[in-house]
Amino acid sequence: MENYSGTKQWLEAFGLSRPLVIAGPCSAETEEQVLDIARQLKDSDVSIYRAGIWKPRTRPGGFEGVGAIGLKWLQKAKEETGLMMAVEVANANHVKLALEHDIDVLWIGARTTVNPFAVQEIADALEGTDKIVLIKNPVNPDLALWLGGVERIYNAGITKLGVVHRGFSTYEKTKYRNIPEWQIPIELHGRYPDLPIICDPSHITGRRDMIQQVSQQALDLNYDGLMIETHNNPDKAWSDAAQQVTPQVLKEILKSLVLRKKSDDTDEFNTQLNNYRLRMDEYDTKMLEALGRRMQIAEDIGALKKANNVVVLQNKRWQEVKERMMAMGTEKGLSEDFINLLFKAIHQESISHQEKIINSGNE
Ligand code: PEP
Ligand code: MN
């Protein structure tokens, strides 16, 4: 099994003491716009300039990108500023054109990562090249699909790799445009610590006023870099206007981010940390014990319902439990999202235990 060791070398070659920053507009719009933004990002903490040339849009009729002409503008921007250039590619023809125009970094968008045919086509077109390739997470929260995309590119001989966490689509309304589901990138990072991981707070939040906060969260989780959409006139941007920031604001955001050490070797720190962890472990154990006992009661209820031929789901009771726990939990400083998630899971498990009893002896 591949562990992707060595895929970080391209990033280390930048010799940065801070996280890598990729910035630039959602879309290349005009030559002037591309050059103006690039000039403003030169001599900043930005290492790679991004711009979408082909834009995947939810509905037809929106701005679908300027197409190949934009690659010429990026070439100019590269010559003038020395910044590396990055574009999104969604098929073999995009790859061919990007290679012809000396683009340094190619990223696979969220709507493409979901499609193994498209990713394979891109992988085949990249074979034998030395490009940096970044794979955004698929729109749906599917770690295996994301990793499958990485594997296809790696199998084509591309070793300068990275993943971009841009959040996941959800039917539910949340404060995010794409909910982060941090546990997915955390699991990916746990399995493949050598694979560079970059956060895209612009597409996660969809709002420029939340970019700083999500960027800090990413750094606190040890991310290697950030991709932040940056425009010279964000409100007038032809795509994703609400989430883009000016180069000036980008600089302020980057300056405000707190970089923390990965760890600390002092005895004092480690003793205290261990103490906290022991106390936490104790609560985890207690929680599991309590849940085990709770499910035992669920089985007793199952037996009672079976004896009286009553259905498992008692909606009124469940609504009451939810409301009571929400009030109690928020008072204890727990978030509504967490309480919802926790009690959904507990309720589901409870139902399974009751069903097990009700259906026993029916086989
Ligand atoms: C983008 O980076 O502009 C883009 C289209 O992103 P995503 O694939 O994450 O939606
Ligand atoms: Mn965008």
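The numbers here are math on the coordinates, done by the rules we state, and not lab data. Being a predicted model, the structure only gives us computed values, none of them experimental. Glycine gets a Cβ as well: all are built from the backbone with ideal geometry, and neighbour counts include every protein chain shown.
Structural remarks
- If you model the stretch 285-362 as an ellipsoid using its alpha carbon gyration tensor, with each semi-axis the square root of five times an eigenvalue, the axes come out at 26, 14, 9 Å, biggest first.
- Between 0 and 90°, nearest 10: helix 267-308 axis offset from the chain longest Cα axis: 50
- For the chain, the dipole from Cβ point charges (+1 on Lys and Arg, -1 on Asp and Glu) about the Cα centre works out to 940 debye, to the nearest 20.
- Judged by the mean number of other Cβ atoms found within 10 Å, the most tightly packed of the peptides 20-26, 159-165, 216-222 leads the ranking 20-26, 159-165, 216-222.
- Cβ-based net charge around Val164, under 12 Å, with every Lys or Arg adding one and every Asp or Glu removing one: 0
- The helix-only estimate of mean residue ellipticity at 222 nm for the chain, built from DSSP H runs of length n ≥ 4 each weighted as -39500 (n - 2.57), is -16000 deg cm²/dmol after division by the residue total.
- Projected over all directions and averaged, the alpha-carbon convex hull of the stretch 225-282 occupies 6.7 nm².
- Equivalent ellipsoid, the chain (semi-axes from 5 times Cα gyration tensor eigenvalues, Å): 44, 24, 21
- Selection of GluC sites (Glu not before Pro), the stretch 165-208, meeting DSSP coil and at most 11 other Cβ within 10 Å: Glu172
- Entries in Lys175/Lys251; Lys96/Lys251; Lys131/Lys262 that, when Cα-Cα distance is taken, lie over 26 Å: Lys96/Lys251; Lys131/Lys262
- Cβ crowding within 10 Å ranks Arg260, Arg111 as Arg260, Arg111, fewest other Cβ atoms first.
- Using alpha carbons only: equivalent-ellipsoid semi-axes of the stretch 213-348, gyration tensor based, whole Å: 45, 27, 11
- Ratio Rg/Rh, restricted to the stretch 1-67 and using Cα atoms, in which Rh is the Kirkwood radius: 1.11
- Helix 247-256 vs. the chain, principal-axis angle (Cα, 0 to 90°, nearest 10): 50
- Rounded tilt (10° steps) of 211-220 against the dominant C-alpha axis of the chain: 70
- Net +/- balance of residues flanking Ile211 in space, Cβ distance below 11 Å, scoring K and R +1, D and E -1: -2
- With a threshold of 32 Å on the Cα-Cα distance, the over-threshold entries among Lys236/Lys261; Lys72/Lys173; Lys236/Lys332; Lys136/Lys173; Lys306/Lys332; Lys136/Lys356 are Lys236/Lys261; Lys72/Lys173; Lys236/Lys332; Lys306/Lys332; Lys136/Lys356.
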